[in-house]
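What follows is one structure encoded as structure tokens, with my remarks underneath.
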Amino acid sequence: MKKKTRNILLSVLTGALLLCAIAGGTVYYYLFAPQFHPSKTVYVYVDRDDTADSIYNKIRQTGHVNKFTGFQWMAKYRKFDQNIHTGRYAIRPNENVYHVFSRFFRGYQEPMNLTIGSVRTLDRLARSIGKQLMIDSAEIARQLFDSAFQAEMGYTPVTMPCLFIPETYQVYWDMSVDDFFKRMQTEHKRFWNDERLAQATAIGMTPEEVCTLASIVEEETNKPNPNTGAEDFVGLAVSLAVVSVAAAGALALKK
């Protein structure tokens, strides 16, 4: 009798261990085994109007998913539909569901490069920003053309483009309009340091005049370059100003 009981217990224990092994293997496969197989790092953009289902579709289409079951398990368990974070999220080759889900659930997004080219018109700037960021071009345009906002920033309708220094900046795709303008203010102050202000003052120009002169030069040469950097921006204006001053001096001597 004891032997029979022992055999039964061993059978039950063996069965339980086998079930645990199967369950553990299943969990490992769906959550921790590589399930995403894009050829390179890809990005999923979660917008303000996205739902859990629309995000699932974006991930499936972009991430080349083998099995998506584990993601849906975790989404249901962690109530993902109530914790959606906007942003730009990376999916790398051979990543597992646990890491990818955690990234979306916690809002761990990747920064992106925002390119500010030469600002010829405020309309064109708003369209360019709207194409690169989550914020709509109309949202940016409302601020850009708001006279009260311009005055608060210390600009006029004519000088407003001078806030923007042509350069490539690392930002988050879902930054707000307010955050965008705060960042541009910060970058403007960082660019116009004491050394550059002294250079402009030495040739009798303000930062706004340097900006305007650079825009005129680019307009006249009819060779717009959206990749013009900050160094080129100030160098172009200052160089032309020096040439202009020299030319004016030579003309005065002739007279």
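Please state the relative contact order of the range 18-129 as a whole percent: Cα pairs under 8 Å, 6+ residues apart?
Numbers: 138 pairs, mean separation 37.0, N = 112.
So the answer I get is 33 percent.
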So what's the range 103-223 giving for Cα Rg divided by 2.2 N^0.38 Å, two decimals? 1.14
Test item: Cα-centred dipole of the range 22-154, Lys/Arg +1 and Asp/Glu -1 on Cβ, debye: 480 debye
Determine, for 42, 100, the number of other Cβ atoms within 10 Å of each Cβ, and report the residues in order from fewest to most. 42, 100
Report the local net charge at residue 96: Lys and Arg +1, Asp and Glu -1, summed over other residues whose C-beta lies under 15 Å from its C-beta. +2
Model label zone, residue 92; criterion: amide N under 17 Å from point 7 Å along Cα-to-beta-carbon; scope the range 26-47: 32-44
Calculated over the range 51-116: convex hull of Cα atoms, volume per residue (Å³): 99 Å³
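Within 10 Å of each residue's Cβ, count the other Cβ atoms and sort 173, 73 from fewest upward.
Details: 173 21, 73 15.
Lowest count first: 73, 173.
Given the peptides 65-71, 45-51, 175-181, arrange them by the average over their residues of other C-beta atoms within 10 Å, most packed first. Don't skip to the answer; put the middle values down first.
On the way: 65-71: 18.1, 45-51: 13.7, 175-181: 15.4.
Top to bottom by mean Cβ count within 10 Å: 65-71, 175-181, 45-51.
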Linear extension gain, residue 77 paired with residue 106, 0.36 nm per residue minus alpha-carbon span: 9.0 nm
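Just so you know, all these numbers are worked out from the coordinates, no wet-lab data involved. The shown structure was predicted, so the numbers you read here are calculated from the model rather than taken from an experiment. Reconstructed Cβ throughout: ideal geometry from the backbone, glycine too, with neighbour counts over all protein chains shown.
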